[in-house]
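Contents: one structure, followed by commentary.
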Amino acid sequence: MKSMLQLVEGKTAASWTYSEEAAADLAICEPDSALARAVMRQAIQRGRPRCVSLVRQGATAPEDTQAVYAPLRVSDFISMLDATLAAQDIDTSLTTQELVAASRAEAVAQNEGFLLAHALRDIVAKDPQRTHVITRGDVSIYVQPAQATVLATKDLSPELIAELAQASGAVEVRELGSNDSLPAESELRRHSLQYLLWNCGQLGITTDLLPWLPRMARFRLQRWPDFGRLGHKTWQVRLTSILMNNAYTPQQMTNLAAQPIANIRGFLNACALCGLLTHESLAVEAEVEAAPAVAPVTKSTSRWSGLLRSIRNALHIGDQ
């Protein structure tokens with residue numbers, strides 16, 4: 001967005017600047033993202049910013065927003081900026097309008113149900129020998145990555161984890177120092193770290209993927225989830241067996257598993273938090289699909305033809 005603004009400088013009805021604050025005139029949002037939902041609520045309350053969906057290949061725009069399509073052309077970008085002025089009845093003689101781009105989605109999403117997930121991700125990524133305490137309301141969770149355990153002041157039922165993951169408000173995260181001590185063992189409830197990560201991802205906000213997961217990608221699994229300890233549904237086992245061998249988009253998974261997109265996103269979020277998920281860029285796959293097709297090989301009647309053809313292909317014999 002910053003680069004596009006430089007390209008259109010002097011070509012729009014008003015001068016525009018890039019902003020990382022939600023109090024802007026225009027927001028470019030991924031469809032169905034936390035940013036889009038937050039912006040539309042704010043637009044209803046305050047009349048701004050205007051929300052425009054950036055629709056990529058295979059996605060659809062929400063009915064209540066206008067849309068531009070990726071890759072975004074300069075002419076469409078200029079039209080969008082000028083249309084924002086007209087829609088909001090902004091005097092073009094004013095100095096500068098502000099544009100907030102989709103890169104703010106992560107920051108907004110943190111206030112839309114991903115705070116606990118972010119806290120757990122940061123703790124796991126840090127020194128595993130350190131213990132951190134997460135405090136939300138009257139619940140304190142002591143995370144011990146080295147022992148792969150968590151100790152909590154309340155029993156972490158799936159329902160409580162979902163409540164903690166979805167609640168709004170601040171999450172306090174503190175690293176315990178050498179002089180800090182844990183409460184008495186009798187006052188704490190022990191769970192595995194994987195159990196907390198899995199349920200935080202699966203039962204948290206499932207209307208969107210975790211903010212750090214790519215939207216335009218196919219996903220696959222590197223390892224099987226420990227369903228015996230974590231619990232599972234039949235469709236998750238079936239989908240796991242598929243994702244161990246091939247990568248698919250979340251939308252494709254809805255057909256493979258016969259599940260709504262919210263369930264698929266929750267499953268992918270849980271796998272991502274547990275370190276089981278990997279992805280492939282759709283851009284790379286598009287290049288592969290665009291490669292010229294190889295001419296079909298004429299079938300031979302020799303019983304050795306298949307073996308010889310495999311050897312030739314492996315050694316690139318006959319390549320032009």
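The table below lists the values:
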item	result
Distance (nanometres) between label positions extended 7 Å along Cα→Cβ at Val139 and Thr60	3.5
R0 of 25 Å, Cβ-Cβ distance Arg223-Leu256: FRET efficiency to nearest 0.05	0.85
³J(HN,Hα) computed for each position of the stretch 139-144 - Karplus, 6.51 cos²θ - 1.76 cosθ + 1.60, integer Hz, glycine/proline x	10, 10, 10, 9, 9, 10
For Trp16, residues with placed amide H under 5 Å, excluding near neighbours	Gln97
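A short reminder: the numbers here are calculations on the coordinates, not readings from a lab. This structure is a prediction, so every number in the text was calculated from the model and none was measured. Counting neighbours? That spans all protein chains shown, and the Cβs are built from the backbone with ideal geometry, glycine included.
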